[in-house]
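> Dropping a structure here in C-alpha cells format, bear with me for questions.
What follows is calculated from the coordinates using simple rules that are stated; it is not laboratory data. Remember, predicted model here, so these are calculated numbers, not experimental data. Every residue, glycine as well, gets a Cβ built from its backbone with ideal geometry; the counts of neighbours run over all protein chains shown.
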Amino acid sequence: MENLEYERLAWAVLFGHIAIIVVGGFMTVLSQSLGRALVGLIMTLFGVAGLFFLMAAPFIALMQILIYVGAVSVLIFFAIMLTNAWPGGDESGKSPGRKYIYAGLAGLVPAVMLATAVIRTAPPSFLVPEETEISVLGRFFLEDFILPFELISLLLTISMAGAVILAFEMRRKK
Amino acid sequence: MIEAIPTPFIVIFVGLLAVMAFVGLNAVVLVYLERKIAGFIHRRPGPYEVGPPCFPHGILQPVADGLKLVGKQIFTPKGADSFLYWLAPMISIAPAIVCFIVIPFGPHLQVINTNVGLILILAFTGINVLALCLAGWASQNKYGLIGAARDISQGVAYEIPLLLVVLSIVFMTGTFNLFDIADGQGAWPWQWYIVYQPLAFILFFICALAETNRNPFDLPEAESELTAGFHTEYSGMAFACFFLAEYAYMVVAACIMAILFLGGFQGPGAPGIWWFLAKIYVLLLIMIWIRWTFPRVRFDQLLNICWKWLIPLAVLNLLITLAVIAL
C-alpha cells in the first residue's frame with residue numbers, strides 16, 4: 001500500500017517537473033523582454049535539475065544548477081545588460097508568421113529525432129532509481145568515456161570562437 | 001492524517017521551519033552586533049546606546065529596525081519590469097535557506113545528511129548573483145545596472161579561487177559530505193584542517209567576503225558612489241529580503257569555513273552545537289571587524305587581486321595538495 005502511495009507521488013513530481021520545464025520553455029520563446037526570457041530559461045534548467053533529482057542523480061542535478069544557472073545564465077545576463085534590450089526596443093515588435101513556422105520546425109525536428117532514438121533503444125532501467133556514487137561516476141567519465149567527455153568541452157571553445165568572429169565582422173561593417 | 005505523510009517530508013518540513021527561524025534570529029543578532037561594533041570602532045554612539053534605561057546598550061534597536069522595514073511603503077518604480085522586480089528579492093532569499101538544510105550543526109543535528117552537501121551549497125549560493133543582477137536590471141535604474149554589472153564581474157571572478165580552494169580540501173578528504181569532513185577532524189585545534197591548509201583558509205576567507213558582497217568588496221552596493229547599487233529602488237520588506245539574504249550568506253560562508261577548516265562541531269570536551277556556534281560567531285565577528293576597519297577597494301584593484309593573486313595562489317595550493325597526496 002505504501003509503495004502505491006510513493007508511486008503516485010513520484011508521478012505527481014514527474015509531471016510537476018515536466019510542467020515547469022514546458023512553462024519555462026514557452027516563457028523563453030514567447031516573452032517580449034529578454035530578461036523575462038532568461039528567467040524562463042532558468043526555470044527550465046531548474047526543472048531539468050529536478051528531473052535528475054527524481055532519477056536519484058543529485059550530483060548531476062546540482063552540477064546542472066551550479067554550471068547552467070550559476071554560471072552560464074549569469075553570463076547570458078551580462079550579455080543582455082550590455083545590449084540595452086528594453087522591452088520597448090527595436091526587436092520587440094511582432095515577427096512575420098513564417099518565422100514562427102521555421103521556429104516550430106527547428107524545435108520539432110530534434111525533438112522527434114531524440115524521441116525516436118530514446119523509444120527505440122530504451123536502456124534497461126531499474127524500477128526504483130539507484131544512486132550512483134560520485135567516484136563511480138568520475139571513473140565512468142574519465143576512463144571509459146573520456147573522449148566524448150572531452151569533446152563536450154570543445155563546444156564551449158567553438159561558441160567562444162564564433163562569438164569572437166561575429167564581433168569582428170560587425171566591427172568591419174562599421 | 002499525519003500517518004499518510006511519509007516521514008522524510010515531515011523531517012524536511014520541520015527542518016525548513018527551524019532553519020528559517022535560525023536565519024531570522026541570526027539576522028537580528030548580526031544587525032545588532034554590526035551596529036554595536038560599528039559604533040564602538042568608529043566612536044559614534046547612536047543606535048549603539050539608544051533606548052530607555054531598562055533596555056541598556058540599545059538592544060531594542062533591531063526591533064525598531066524591523067518594525068520600520070515592515071511598516072514602510074513598497075512600490076514599483078515607473079518603467080520597471082514589475083514581474084522581475086518582485087521576483088528578484090525572492091530568488092535572493094530562497095536559496096540561502098536551502099543551504100542550511102545540509103549543514104551539520106552538531107553530531108546529531110542536521111536536516112539532511114547527503115553525499116553532495118558541499119556541492120549543494122556551492123550551487124545554491126551561486127544563484128544569489130543572478131538575483132542581484134535581476135534586481136539591478138529590472139529596476140531600470142542606472143545605479144542599479146552598474147551595481148548589477150559589478151556584481152557579475154565580481155561574483156564570477158571570485159568563484160574560481162573559491163572552488164579551487166574547496167577542491168583542495170575535497171582532494172584531502174575524498175568526500176563532499178559535510179558531516180564526514182567535520183567528523184574526520186579531531187577535537188583539538190592542531191587536528192583541524194586549517195593546520196594543513198593555512199593558505200587555503202586565508203584564500204577562502206577573502207573569497208567569501210567578496211562573494212557575500214561584504215566590505216572591502218561591497219562594490220555592487222557602494223553607497224558613496226552608486227547610491228545603493230543594485231537595491232537603489234527597493235524599499236521596505238523587499239530591501240529587507242536582500243539584507244536578510246546577505247546576512248544568511250555570511251552565516252553560510254562562516255559555517256562552511258568552520259566545517260572545512262575549523263573542525264565543525266568538534267571541540268575539546270564534548271562535540272556539539274555550542275562549538276559550532278562559537279566558531280561561526282568568531283568568524284562573523286572577524287567579518288564585521290574587517291568591514292568597519294578597511295576602506296573599500298577600487299574596482300580595478302578588486303579584479304586585479306582576484307586574477308593576479310588569488311587564482312594563481314589557489315592553483316598553487318591545489319598543486320601542492322595534489323603533490324603531497326600523491327607522495
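> Count, for each residue of A:36-42, the Cβ atoms from other chains sitting within 10 Å of its Cβ, then give me the mean as a whole number.
Working: counts 5, 0, 5, 9, 0, 0, 4.
Across A:36-42, the average partner-chain Cβ count within 10 Å equals 3.
> Next question. Please report B:THR175, B:THR293 as a ranked list, fewest other C-beta atoms within 10 angstrom at the top and most at the bottom. Mind dumping the intermediate values first?
On the way: B:THR175 19, B:THR293 12.
By the 10 Å Cβ count, ascending, the order reads B:THR293, B:THR175.
> Could you please rank B:ARG150, A:ARG98, placing first whichever residue has the fewest other Cβ atoms within 10 Å of its Cβ?
Numbers: B:ARG150 24, A:ARG98 8.
The most exposed by this proxy come first: A:ARG98, B:ARG150.
> Something else about it: Work out from phi, with θ = phi - 60° and the Karplus expression 6.51 cos²θ - 1.76 cosθ + 1.60, the ³J(HN,Hα) of each residue of the stretch B:133-150, listed in order in whole Hz, and give x for Gly and Pro.
Values per residue, Gly and Pro as x: 5, 4, 4, x, 6, 6, 7, 6, 10, 4, 5, x, 5, 5, x, 5, 4, 5 Hz.
> Would you kindly derive the ³J(HN,Hα) couplings of the stretch B:98-103 from the backbone phi angles with the Karplus curve 6.51 cos²θ - 1.76 cosθ + 1.60 (θ = phi - 60°), listing them in order in whole Hz, with x for Gly and Pro?
In residue order, the calculated couplings are 4, 4, 6, 6, 9, 7 Hz.
> Something else: Working from Cα positions, state the angle (0 to 90°, nearest 10) between the long axis of helix B:236-261 and the longest principal axis of chain B.
Once rounded, one gets 20 degrees.
> Other chains' Cβ within 10 Å of A:59-71 residues: what's the mean? Show your work: numbers first, answer last.
Details: counts 6, 1, 4, 11, 4, 1, 8, 10, 2, 0, 7, 13, 6.
That works out to 6 on average.
> From the alpha carbon gyration tensor of the stretch B:46-93, can you work out the equivalent ellipsoid semi-axes (sqrt of 5 times each eigenvalue) and give them in Å, largest to smallest?
On the way: eigenvalues 237, 26, 12 Å².
Calculated on Cα positions only, the semi-axes equal 34, 11, 8 Å.
> Turning to a different aspect of this structure: I want to verify the translational diffusion coefficient of the stretch B:99-187 in µm²/s; compute it with Stokes-Einstein, Rh as the Kirkwood radius over Cα pairs, at 25 °C and 0.890 mPa s.
Approximately 164 µm²/s, per Stokes-Einstein.
> What is the mean number of Cβ atoms from other protein chains located within 10 Å of the Cβ atom of each residue in peptide B:118-131, rounded to a whole number?
On the way: counts 1, 8, 6, 1, 5, 10, 5, 2, 8, 8, 1, 6, 9, 0.
Mean partner-chain Cβ count within 10 Å for B:118-131: 5.
> Counting only pairs 8 or more places apart or on different chains, how many lysine pairs in the protein assembly as shown have C-alpha atoms closer than 28 Å?
Close lysine pairs found across the protein assembly as shown: 13.
> Hey, can you grab everything whose amide H is under 5 Å from the amide H of B:GLY174? Only 5+ residues off in sequence or another chain; H modelled, so Pro and N-termini drop out.
Result for B:GLY174 returns nothing.
> Still on this structure, please answer the following. Compute the helix-to-body angle for A:73-83: its Cα long axis versus the longest principal axis of chain A, expressed 0 to 90° and rounded to tens.
Approximately 10 degrees, to the nearest ten.
> For the protein assembly as shown, what does the helix formula give at 222 nm: sum of -39500 (n - 2.57) over DSSP H segments with n ≥ 4, over the residue count, nearest 500 deg cm²/dmol? Please list the in-between numbers first.
On the way: 21 runs with 340 residues, N = 501.
Computed mean residue ellipticity for the protein assembly as shown: -22500 deg cm²/dmol.
> With a 10 Å radius around each residue's Cβ, average the other Cβ atoms per peptide and rank A:54-63, A:130-139, highest first. Mind showing how you got there, number by number?
On the way: A:54-63: 18.6, A:130-139: 11.7.
Packing order, densest peptide first, comes out as A:54-63, A:130-139.
> With N set to the residue count of the stretch A:2-130, report its C-alpha Rg divided by 2.2 N^0.38 Å to two decimal places.
Details: Rg = 17.9 Å, N = 129, 2.2 N^0.38 = 13.9 Å.
Dividing the Cα radius of gyration by 2.2 N^0.38 Å gives 1.29.
> Could you derive backbone 3J(HN,Hα) for the stretch B:301-308 from the dihedral phi with the Karplus parameters 6.51, -1.76 and 1.60 (θ = phi - 60°), listing whole Hz in sequence and x where the residue is Gly or Pro?
4, 4, 6, 5, 4, 5, 6, 8
> Find the eigenvalues of the gyration tensor of the Cα atoms of the stretch B:74-326, then list the square roots of 5 times those eigenvalues as equivalent ellipsoid semi-axes, largest first, in whole angstrom. If you can, show how the numbers build up before the last one.
Numbers: eigenvalues 214, 83, 48 Å².
After diagonalising the Cα gyration tensor, the semi-axes are 33, 20, 15 Å.
> Moving to a separate point now. Taking the Cα atoms only, what angle lies between the long axis of helix B:311-326 and the longest principal axis of chain B, rounded to 10 degrees?
So the inclination is approximately 20 degrees.
> Can you give me the Cα centroid spacing of the stretch B:240-276 and the stretch B:173-226 in angstrom?
10 Å
> A further question follows. Let me check the size of the protein assembly as shown from its C-alpha atoms; what are the radius of gyration and Dmax in Å?
Answer for the protein assembly as shown, Rg first and Dmax second: 24.3, 79 Å.
> Restricting to Cα atoms and excluding each atom paired with itself, what does the Kirkwood estimate give for the stretch A:132-174 in Å?
Details: mean 1/r = 0.0789 Å⁻¹.
One over the average 1/r among Cα pairs gives 12.7 Å for the stretch A:132-174.
> Now for a different question. Which number comes out as Rg/Rh for the stretch B:212-327 once both Rg and the Kirkwood Rh are worked out on C-alpha atoms?
Working: Rg = 17.9 Å, Rh = 16.9 Å.
My calculation of the ratio gives 1.06.
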